[in-house]
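One structure below.
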Amino acid sequence: MPSGAYRSPTVRHKRLTAELRRLRSESGLTRDDVASRLEWHPTKITRIETGQWTRLNPRDVRDLLDIYGVTDPGQREALVQLARESRQKGWWHSYGDVLPSEYSHFIGLEAEAASVRTYQQVLVPGLLQTEDYARAVIRAFRPHDDNVGPDRRVAVRPQRQQRVTGDRSLHLSAVLGEGVVHQIVGDRAITAAQLRFLAQTNDLPNVMIQVLPYAAGAHGAMVGSFEILGFPEPVDPDVVYLENVASALFLEEPEDITRYVQVFDYLRAAALSPQATSDMLTAAAEELA
């Protein structure tokens, strides 16, 4: 079960590949230089540095550190330990049969994130979905799933939510388009229960939910929803996650992060206060009951 002290292998792997990429660059060696010296296929270095080589072993790390001239025992052991930890399996790997690789990677990042800032236009974010609402969403997105698939996908939600509503180690700030309040998902009763759950969760000290009303007008996020994941260690930069029906995209460049943070700050300023949001959600739930 994820917790505040959880060390995600996904984050360990991300940190390791970034450090190896930095060390190679500082050594003045090209990827082809490194591959030639180690007698590796040239694409292996590229895949390591872009995070596509997911099972980087300690021996490979030691060989790379030798070539990069890293001799400090503490630094070497820290990076080798990252390699060991990155090869472990997170709780979400047991759902690998129903989780796309991009979504599994996202959950792995989320498992160690200290904060999540999310904007959603018409859909309640997964961290805040009730099981009935989640099941209705999954059936709409994947109408051809067998009877087992939806249940296993739904089972992932409560494990993710543990850090929000359980140990409360994850700080969640969610801006929801007013469409979320009016979109019927499943049926009226399921939607009403979901809206009540949002209002109740908004009372938690680690949660801030705000509705962005239609009256707020045009804004920079009208092109789509997004999430910004922040991590407890300064060495791990924020990540922006963008998802669509067919794929997902992770943005890590500083200029991209800055742009999305600025958009989110604007949305939060333009949205209703948390109390006004809870009042709207409760009233909407009563109308649906």
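The values are calculated or read from the model by the stated rules, or taken from the named source; none is laboratory data. Because the structure is predicted, anything quoted here is derived from the model rather than measured. A quick note on method: Cβ atoms are made from the backbone with ideal geometry, for glycine too, and the neighbour counts reach across all protein chains shown. Heads up: the accessible areas ignore ligands, DNA and RNA and are worked out on the full protein's heavy atoms, side chains in. Shrake-Rupley method; radii C 1.70, N 1.55, O 1.52, S 1.80 Å.
Can you tell which of Ala269, Ala199, Ala218 shows the greatest fluctuation in a Gaussian network model of the chain with Cα springs below 10 Å?
Highest fluctuation of the listed residues: Ala218.
For mean projected area of the Cα convex hull in nm², pick the label among (i) 21.9; (ii) 16.4; (iii) 14.1 that corresponds to the value derived from the coordinates.
From the options (i) 21.9; (ii) 16.4; (iii) 14.1, the structure gives (ii).
What does the net charge come to around Gly149 if you take all other residues with beta carbon closer than 13 Å to its beta carbon, with K and R at +1 and D and E at -1?
Local net charge: +1.
How many percent of the accessible area of segment 160-289 is carbon or sulfur, using a 1.4 Å probe?
That fraction is 54 percent.
Regarding segment 129-178, what's the average projected area of the Cα-atom convex hull, expressed in nm²?
Directional mean of the projected Cα hull area for segment 129-178 stands at 4.2 nm².
For every helix of n ≥ 4 consecutive DSSP H residues, a contribution of -39,500 (n - 2.57) applies; sum these over the chain, divide by its total residues, and give [θ] at 222 nm rounded to the nearest 500 deg cm²/dmol.
For the chain, the value works out to -15500 deg cm²/dmol.
Classify segment 86-234 as rounded, prolate or oblate from the Cα gyration tensor: take a ≥ b ≥ c as the square roots of its eigenvalues, call it rounded if a/c is under 1.5, otherwise prolate when a/b beats b/c and oblate if not.
Oblate, because a/c is 1.5 or more while a/b does not exceed b/c.
Antiparallel versus total DSSP beta bridges in the chain: what percent is that, nearest 5?
Within the chain, antiparallel bridges account for around 50 percent of the total.
From largest accessible area down, sort His93, His219; use a 1.4 Å probe on the protein chains.
Accessible-area ranking of His93, His219, largest first: His93, His219.
Which distance in Å, rounded to a whole number, links the C-alpha centroids of segment 45-64 and segment 217-269?
27 Å
Over the chain, what is the mean sequence separation of C-alpha contacts under 8 Å (at least six apart), divided by residue count, expressed as relative contact order in percent?
20 percent
For segment 106-190, just say rounded, prolate or oblate: build the C-alpha gyration tensor, square-root its eigenvalues into a ≥ b ≥ c, call rounded for a/c under 1.5, and beyond that prolate if a/b exceeds b/c, oblate if not.
oblate
Ignoring ligands and nucleic acids, what accessible area does Phe264 show with a 1.4 Å probe (Å², nearest 10)?
Result for Phe264: roughly 0 Å² accessible.
Which of these, Ala155, Ala221, Ala140, has the largest mean-square fluctuation under a Gaussian network model of the chain (Cα springs below 10 Å)?
Maximum fluctuation in the GNM of the chain, among the listed residues, is at Ala140.
Please check the chain for the longest run free of GluC sites (Glu not before Pro) that are loop-located per DSSP (anything but H, G, I, E, B) and have at most 14 other Cβ atoms within 10 Å.
With GluC sites (Glu not before Pro) excluded where exposed in loops, the chain gives 40-251 as its longest stretch.
Taking the Cβ of Glu112 as the centre, find all other residues whose Cβ is under 14 Å away and add up their charges (Lys, Arg: +1; Asp, Glu: -1).
So the environment of Glu112 carries a net charge of 0.
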